[in-house]
Amino acid sequence: MAEHCAHVRGGSPKKALIVDDSRAICAWLRNILATDARLEVVGEAGNAFEARDFLRANQADVLTLDIEMPRMSGLEFLTRLMRARPMPVVMLSGLTAEGSDAAIQALSRGAIDCMLKPTNGFDPDLTRDICERIYHAACTRPSQLKVVGRFLNPVAIAKPRAKVSRSAPCRRGSLILIGASTGGVAAIERVLPDLDPAGPPVVIVQHMPENFLKSFAERLNRHLAQHVRLAEEGAPLHRGDIILAPGIGAHTEVRRRATGWSCHFVTREQDALHFPSVDHLFQSAVPEAPQISAAILTGLGKDGAAGLKSLSDAGARTFGQDEETSVVYGMPRAAFAAGAVQKQLGV
């Protein structure tokens with residue numbers, strides 16, 4: 001799996017193909033990847049047809065793909081690629097609403113990850129993050145994509161469903177918490193349709209830029225019977241609600257008072273790697289652990305492992321996505337290794 005694709009000194013680097021009609025972006029990304037010995041840029045393509053011809057004649061372990069390209073969009077090329085020759089793809093998107101919506105569609109159709117195009121100069125932290133994400137994407141086996149089945153089977157939310165009636169705020173009873181990162185869009189889209197549309201509120205932390213989260217919430221809301229939205233400060237949670245933590249540079253936490261469950265934003269723990277953090281969401285629910293069901297899904301890193309362990313120890317029901325169906329078995333692996341996962345499940 002991706003988390004175990006260790007680079008051996010003297011071994012062959014992972015081969016990357018850059019597909020983008022912008023020479024400036026190609027040069028920027030080539031320079032970024034040149035800083036990591038685990039990666040090697042083996043080619044550049046200005047459109048989907050050049051990329052197709054390159055892949056017919058050459059090997060690549062990962063492909064970076066621009067969403068907006070001439071002659072054939074990146075989204076259409078991704079769809080065709082996943083049917084004919086499934087391979088790890090990392091999408092590049094702008095900050096426009098249209099770009100964000102296309103990015104979410106790409107993640108649903110089989111892309112491993114999606115990154116924003118640069119808006120400023122060289123940033124060492126950004127450079128490391130991009131290299132890490134592309135490297136781990138390159139380590140995902142094509143057979144793993146087949147197991148996940150994102151390009152073979154339509155997503156479960158493909159057909160819109162009638163909305164359930166809005167109930168009163170959830171004053172007591174259970175709450176479902178979910179954390180995910182790389183590969184999480186497709187996993188979440190398979191999990192949510194199986195939940196009771198009038199069941200307990202669901203609060204989700206999905207590592208993703210703010211604009212992508214808005215598009216993801218809108219996409220889910222169009223197709224699910226539940227009411228899907230981004231969290232708002234102090235907003236009460238109702239049965240049938242699905243709430244996504246926004247990417248506003250703050251953590252989302254849950255609290256239960258006499259009036260019921262609600263979401264709140266906090267900005268402490270500035271040393272956290274992710275805002276919002278899965279760990280912080282999980283830790284906020286520990287006082288009500290017997291009422292909590294929490295799950296950690298596919299993702300790079302270990303965010304959520306400590307929080308899930310605290311919930312489990314306090315009496316919550318805890319679950320982790322299994323290795324076979326995880327695009328990146330990082331977060332679920334860390335949680336399982338910590339003894340936080342009571343049951344592993346395929347997604």
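Miscellaneous remarks
- Our coupling estimate for segment 186-195, obtained by passing each phi through the Karplus curve with A = 6.51, B = -1.76, C = 1.60 and θ = phi - 60°, is 5, 5, 5, 5, 8, 7, 4, x, 7, 7 Hz, Gly and Pro reported as x.
- Ordering Gln206, Thr64, Ile292 by the projection of their Cα atoms onto the charge dipole of the chain, which places +1 on the Cβ of Lys and Arg and -1 on the Cβ of Asp and Glu, puts Ile292 at the extreme positive end.
- Seen through its C-alpha gyration tensor, with square-root eigenvalues sorted a ≥ b ≥ c, segment 210-347 comes out rounded because a/c lies under 1.5.
- Ile18 sits among other residues whose Cβ lies under 10 Å from its own Cβ, and their net charge, with Lys and Arg +1 and Asp and Glu -1, is -2.
- Dipole magnitude of the chain, debye to nearest 20 (Cβ charges: Lys/Arg +1, Asp/Glu -1, about Cα centre): 1000
- Rg over Rh for the chain works out to 0.97, both radii taken from alpha-carbon positions and Rh defined as the Kirkwood radius.
- Residue-level accessible surface for Asp123, protein heavy atoms, 1.4 Å, Å²: 60
- With all protein chains in place and ligands, DNA and RNA left out, the 1.4 Å accessible area ranks Asp241, Asp36 as Asp36, Asp241, largest first.
- In this structure the chain gives 42 Å² per residue of accessible area when probed at 1.4 Å with all protein chains present.
- Accessible area in the full protein assembly, largest first, 1.4 Å probe, for Glu76, Glu98: Glu98, Glu76
- Carbon/sulfur fraction of accessible area - the chain, other protein chains in place, 1.4 Å, %: 51
- Solvent-accessible ranking of Arg38, Arg141, largest area first, probe 1.4 Å: Arg141, Arg38
- Computed accessible area, Asp194, all protein chains, 1.4 angstrom probe, square angstrom: 130
- Eligible aspartates and glutamates near Lys343 by straight Cα distance, threshold 19 Å, same-chain separation 8 or greater: Asp194, Asp279, Asp303, Asp313, Asp322, Glu323, Glu324
- Close amide H pairs (under 5 Å, H built 1.01 Å from N) link Ala45 with Ile18, Val19, Asp20, residues at least 5 positions away or on another chain.
- Shape call, segment 20-99: gyration tensor on alpha carbons, a/c limit 1.5: oblate
The values are calculated or read from the model by the stated rules, or taken from the named source; none is laboratory data. Predicted model, so just to flag it, every value in this text is computed and none were measured. Reconstructed Cβ throughout: ideal geometry from the backbone, glycine too, with neighbour counts over all protein chains shown. For accessibility, only protein heavy atoms count, side chains too; no ligands or nucleic acids. Shrake-Rupley method; radii C 1.70, N 1.55, O 1.52, S 1.80 Å.
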